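Please read the structure below before turning to the comments.
Laboratory data are not the source of any read-out in this text; all were calculated from the coordinates shown. What you are looking at is a predicted structure, and each value in this text was computed from that prediction instead of being measured. Positions of Cβ are generated from backbone atoms using ideal geometry, with glycine treated the same way; all protein chains shown enter the neighbour counts.
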Amino acid sequence: MIKEEWMTIVQNKPLALDTYEMILSGELADFIPDSGQFLHIRIGEGMTHLLRRPISITNVNPEGKRITIIYKMIGEGTKWLKEQQPGHKLHVLGPRGNGFPVEDVKYEKILLVGGGVGVPPLYYLARKLINQHNQVITVLGFQTKKAVFYEKKFAQLGNMLLVTEDGTAGFKGRVTDFLPSFRDEIDRYYTCGPAGMLKAVTKCMDTIPGFLSLEERMGCGIGACFACVCKTSDPHDHKGYRKICKDGPVFSAREVIL
Amino acid sequence: MIKEEWMTIVQNKPLALDTYEMILSGELADFIPDSGQFLHIRIGEGMTHLLRRPISITNVNPEGKRITIIYKMIGEGTKWLKEQQPGHKLHVLGPRGNGFPVEDVKYEKILLVGGGVGVPPLYYLARKLINQHNQVITVLGFQTKKAVFYEKKFAQLGNMLLVTEDGTAGFKGRVTDFLPSFRDEIDRYYTCGPAGMLKAVTKCMDTIPGFLSLEERMGCGIGACFACVCKTSDPHDHKGYRKICKDGPVFSAREVIL
Amino acid sequence: MTDLAVSIPGLQLKNPVMPASGCFGFGQEFSEFFDLSKLGALVLKAATLKPRYGNETPRVAETHSGMLNAIGLQNPGVKQIIQDELPFLDSYQVPIIANVAGSTVEEYVEVAKTISQSSNIQALELNISCPNVKEGGIQFGTDPKRSANVTEQVKKVTNKPVYVKLSPNVTNIVAMAKAQASAGADGLSMINTLTAMKMDLNTQKPVLANVTGGLSGPAIKPIAIRMIYQVRQEVDLPIIGMGGITSSEDVLEFLLAGANAVAIGTANFQNPYICSNIIDELPSTLEKYGYSSVQNCSAKGVTE
Amino acid sequence: MTDLAVSIPGLQLKNPVMPASGCFGFGQEFSEFFDLSKLGALVLKAATLKPRYGNETPRVAETHSGMLNAIGLQNPGVKQIIQDELPFLDSYQVPIIANVAGSTVEEYVEVAKTISQSSNIQALELNISCPNVKEGGIQFGTDPKRSANVTEQVKKVTNKPVYVKLSPNVTNIVAMAKAQASAGADGLSMINTLTAMKMDLNTQKPVLANVTGGLSGPAIKPIAIRMIYQVRQEVDLPIIGMGGITSSEDVLEFLLAGANAVAIGTANFQNPYICSNIIDELPSTLEKYGYSSVQNCSAKGVTE
Ligand SMILES: Cc1cc2nc3c(=O)[nH]c(=O)nc-3n(C[C@H](O)[C@H](O)[C@H](O)COP(=O)(O)OP(=O)(O)OC[C@H]3O[C@@H](n4cnc5c(N)ncnc54)[C@H](O)[C@@H]3O)c2cc1C
Ligand SMILES: Cc1cc2nc3c(=O)[nH]c(=O)nc-3n(C[C@H](O)[C@H](O)[C@H](O)COP(=O)(O)OP(=O)(O)OC[C@H]3O[C@@H](n4cnc5c(N)ncnc54)[C@H](O)[C@@H]3O)c2cc1C
Ligand SMILES: Cc1cc2nc3c(=O)[nH]c(=O)nc-3n(C[C@H](O)[C@H](O)[C@H](O)COP(=O)(O)O)c2cc1C
Ligand SMILES: Cc1cc2nc3c(=O)[nH]c(=O)nc-3n(C[C@H](O)[C@H](O)[C@H](O)COP(=O)(O)O)c2cc1C
Ligand code: FES
Ligand code: FES
């Protein structure tokens, strides 16, 4: 299994407000077992940036040996990413983490709920689920019309409901406003997005089996530094914590405290 | 007068052992009054490298708005310079410092003594002196054959004597071994090179008017931080020091203590 | 309109940005690059009683996101500074802060007394924290009692406000700040450089002739922020914050952590226009993060 | 052939390179990337008596050429470490150093006693310098007397050599080192992180949940070099040097400044192969600068 690679940037272009889509090519594309895993990307020249940036895998095209990622420019690291030109190489560790569990998931009706830059990993997941003969309903939430991306791609894979906070695209509101209507018809759900959204989604979906992908600031990204822990729900859990980079980023909604 | 410019790299290629020639294009080329002045070049992205690197001007071609510099790769900064591709831009402050005084120098017989990367600024100087109807003799010293550069260019401008320490090109020895033969026939000299060489040259040329270009680690490069001082020879000099970046880098051989 | 004005003892600043002592000479060189009247204030290079040549060269070295310096307080002496350097600044509308150094308490007092007589000087900054001189400087700066004594003595001979520049090379920065508050300091400047060193692999010797030097630049910014934050929680004096500032975002970070104004040192070497640029960018940066004035955001991030 | 071997109390190292405590977990994760038997030694993450959850998140932040961490000594407790973590390392040929932490002298003593019984452990490193816990750690690490007391008490209950990890957050590092020498320490590890902080401009709050954190990485290298150099001039104990090492040249710089061996922390996060790479490059780097062995260059740059 590949652990590090200098991947070549094939494309790096704006996708939505402050949001960019990058296609990387390399052998690594043959070794991405799960959706929801991430690449741990080295930033900058020399020693300015010591911490890598975790970015989820949006899509994998093993024939073309390509991996797509989508990132939002929020600080120094993603600003640097944005400036990298096709042809240049990025050093990545990957695939890291445990992704969305889909083994044996077949002929189910499944809800995907994504918010903002939590949307990307759901795309590869959706494709996997459909290949396994599941029916997928997606609810995508964004701040505003300009921030929306991939809504058409998801629409091609099944029912897709678009929600924006300011109502400039799709329905106005938050994703959780629209979940109750699906609650009774689905078998399970997967979600990724800001912490507040995850909390609201899991609360709303209380009784239904679900999986969520968490974010936390990372040091090593490989499980060695204990920077990225979260607490377990079970007070009798012998460790009491999980490492998001190694045990996650995807957890069962019941496993961890948000 | 221009003080800063993003100059475009037109060429950046190996010239000799660890030595590179770079051609920069920009308006600045119209504003280089003296030979012996330097460009103060910003290094790297962001804040990794806070100190600029002083590099002498080797040649100026105002018609093409081009400046040539020659630099030796010795550390982090010059390594970064080496890696910059044509088309990219460098941020330079310039021209900095006071160069070789040549005003009113006419119809003289003049000796130029250069050692290693002290050779570059003498080239623009030689061209100026020849334009002013002087006769120029050049003595160039290098470690070894592979390190030699610009010997043919100097040979085109007048008598040129090439010396290498290991004798692999030109005469074997150090530049100072060959100076006594010129001492009696020249009116003045200009020299640039390692501190040890400057000391030996000025000692050997004792009675003859001479000018030398000094090097020192710089902070600001503009005269504000007092990083680059040297002491004056005259114990009654009211300041007792000179700033190499602002008062120099060229001084009369009598003015400063080496 | 974002209001950049700041008022701290003795100083009505049109904006909170000034160059840090020793990184801007006496102003003249930078006047080539921009109009000095733009600055909130201008802090002069350290003055001692007699002229000082300073340390041998090399005096500077580069480090990751930082630099070392061991200038050793080279300066022409307080009298020459008043005579030769201050008149040039007369033509600019900018408050001037004199940085006062010495090897003994008496020298600090003499320099402070002399320079206070100059009407061009609005405030003093006591440099009890220079790591690059054998006597004085950091010796005072790391001992609360001795540092308080310098301030007390200087306060007796000047009617200008006295800002004391603290050294970060201490176990307990809050104790140092408290000692200054009791001694009557009007404000604090923090931080000076951290004592540090670099070896030359070729010569096997330290790069700097002085062996050690002071570390400055973005590398030390997190240490400066921490110290200012800690002091702000326990001491009420105004703080001029410095240490690694290179952008208007950095200025805001210092303000949130508890600084009232800021000084920019090392960044002037990478970009001689930096003070001017930061002053230009500050209004939009403050606005972006929701502030209408500098006074509004000072110490906003400090929980008491 | 360049000789990389180093021998310091209790440790015959095949090369001077080890990962720094807390940056390499208990080794397992890095065994994915290279053969741990390559390492000169392996320093474990800190062990306390009871399991500790550590601080709230966020626990790390990036700074210029550095990072902040406030993990807060999360670990499963010394007994679980012996039971669950050490067996994995049995299959590697690498000396293991246990990093011992505590909130009280008694806790240090208990942890040291317990872990000393494990035959897999070759030496102890006393972490009296963690800046990220309310009790213990840096409290001991900034007071010469209290820190000496920890060492004395621990020495009574262990027959393993004891390396004491010094905090750089002190006015006088030499006094701290001397106190350790008198207390019977077998060696010193220096330096731990510098207490530092970063503000989040959006939330106006410190980025780290713990408010302050420890600054590590290349930003602090010049401070580490200075402290090692100063201690080497006055104290004879072997020194494991650390703070910002990212290359074999950096290793040589630490050796010249007075270190006998080195540890690599933060750089493991940027490049998990870094320890292995540096070990590979060290022979040619030493050769380039004219050294035939590590023992030869140690403290070469120190004038006594
Ligand atoms: C498992 C995982 C998957 C992710 N997938 C994506 C994705 O597909 N698309 C996307 O746009 N973003 C994703 N993120 C968030 C992304 O990692 C951060 O936005 C990014 O690291 C910010 O870096 P910066 O340098 O631009 O910001 P800065 O604020 O300058 O970063 C400073 C430090 O904080 C860390 N940091 C800041 N924000 C976050 C955050 N939200 N989560 C984790 N670390 C953070 C950075 O990694 C860096 O170490 C993911 C995060 C995790 C943990
Ligand atoms: C006025 C002047 C003109 C110069 N002209 C030339 C030239 O035309 N060609 C050329 O190859 N070199 C020239 N030099 C030397 C050149 O500046 C250094 O070789 C270069 O700065 C080394 O940078 P580095 O990052 O590669 O080395 P590093 O050793 O990594 O640099 C670290 C720091 O030390 C400084 N430094 C290191 N060596 C020197 C040195 N010899 N002189 C001054 N500062 C130094 C660097 O500027 C930097 O701040 C000149 C120096 C001066 C002062
Ligand atoms: C070259 C240089 C010279 C300095 N000289 C002085 C000085 O004379 N007096 C003083 O109080 N501080 C002096 N300092 C410290 C700075 O004023 C400032 O406190 C420190 O550099 C941190 O800020 P920075 O990181 O922005 O440079 C000097 C710093 C440098 C880099
Ligand atoms: C995330 C992290 C965790 C650390 N945990 C410990 C620890 O448990 N015990 C300890 O003695 N030092 C700990 N340290 C300090 C390092 O061992 C080392 O002394 C310091 O980081 C300087 O080295 P570096 O710049 O190479 O990282 C930790 C450092 C980091 C960055
Ligand atoms: S980031 Fe280091 S354990 Fe997760
Ligand atoms: S480099 Fe600052 S005065 Fe010359």
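Data for the structure
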| item | result |
| --- | --- |
| Amide H partners (placed H, <5 Å) of A:Ser35, local residues excluded | A:Phe100 |
| Under Karplus coefficients 6.51, -1.76 and 1.60, residue-wise ³J(HN,Hα) of the stretch D:187-204 in Hz, glycine/proline x | x, 10, 10, 8, 10, 7, 7, 8, 5, 7, 6, 9, 9, 8, 5, 6, 8, 6 |
| Taking all pairs of distinct alpha-carbon atoms in the stretch A:3-96, Kirkwood radius in angstrom | 13.1 |
| Rel. contact order, % - alpha carbon contacts under 8 angstrom, at least six apart, chain B | 17 |
| Residue mean of other protein chain beta carbons inside 10 Å, C:262-272 | 5 |
| Part-to-part distance (alpha-carbon centres) for the stretch D:180-246 and the stretch B:183-255, which is given in Å | 42 |
| Note, ³J(HN,Hα) from phi for the stretch B:43-52, Karplus 6.51, -1.76, 1.60, rounded to Hz, x at Gly and Pro | 10, x, 8, x, 10, 4, 10, 8, 9, 6 |
| Overall Cα dimensions of the stretch B:102-254, principal axis frame, Å, largest first | 43, 34, 25 |
| Principal semi-axes in Å for the stretch A:216-258 [√(5λ), Cα gyration tensor, largest first] | 18, 11, 8 |
| Gaussian network model of chain B, Cα within-10 Å springs - most flexible of B:Thr176, B:Thr191, B:Thr207 | B:Thr207 |
| Hypothetical label at A:Asp187: residues of the stretch A:119-140 whose amide nitrogen lies under 19 Å (7 Å Cα-Cβ projection) | A:125-139 |
| Percentage relative contact order, the stretch A:3-96, counting C-alpha pairs under 8 Å, at least six apart | 41 |
| Label point distance in nm, D:Glu287-B:Lys3, each placed 7 Å from Cα along Cα→Cβ | 5.1 |
| Most mobile of B:Asn131, B:Asn12, B:Asn59 in a GNM of chain B (Cα contacts under 10 Å) | B:Asn131 |
| Chain C - Rg over Rh from alpha carbon coordinates, Kirkwood radius | 0.94 |
| Listed residue pairs exceeding 24 Å between alpha carbons, taken from A:Lys13/A:Lys152; B:Lys13/B:Lys243; A:Lys239/D:Lys14; D:Lys14/D:Lys178; A:Lys72/D:Lys198 | B:Lys13/B:Lys243; A:Lys239/D:Lys14; D:Lys14/D:Lys178 |
| For chain D, built as a Gaussian network whose Cα springs stay under 10 Å, the top-fluctuating residue of D:Tyr163, D:Tyr229, D:Tyr92 | D:Tyr92 |
| Long-range HN-HN contacts of D:Ala46 with modeled amide H, under 5 Å | D:Gly22 |
| Amide H contacts of C:Arg52 (H built 1.01 Å from N, under 5 Å, at least 5 apart or other chain) | C:Asn75, C:Gly77 |
| Rule-of-thumb Rg ratio for the stretch A:115-167 [Cα; 2.2 N^0.38 Å; N residues] | 1.12 |
| Fully extended contour minus Cα-Cα distance, from B:Ile74 to B:Asn159, at 0.36 nm per residue | 27.6 nm |
| Relative contact order (%) - the stretch A:74-159, alpha-carbon pairs under 8 angstrom, separation at least six | 27 |
| Phi to ³J(HN,Hα) by Karplus 6.51 cos²θ - 1.76 cosθ + 1.60 over the stretch D:61-67, Hz, x for Gly, Pro | 8, 9, 10, 4, 6, x, 8 |
| Shape box of chain B [Cα atoms, principal axes, largest first, Å] | 52, 46, 34 |
| Of the DSSP H helices in chain D, those whose Cα atoms cover at least 18 Å axially and whose Kyte score averages -0.5 or more | D:221-234, D:274-288 |
| Alpha carbon centroid spacing (whole Å) that separates the stretch D:100-174 from the stretch C:261-304 | 42 |
| For q = 0.06, 0.07, 0.08 Å⁻¹, Debye-computed log10 I/I(0) when each Cα of the protein assembly as shown counts as one equal scatterer | -0.53, -0.72, -0.93 |
| Where no second cysteine Cβ lies under 4.7 Å, the cysteines concerned in chain B | B:Cys192, B:Cys204, B:Cys228, B:Cys230, B:Cys245 |
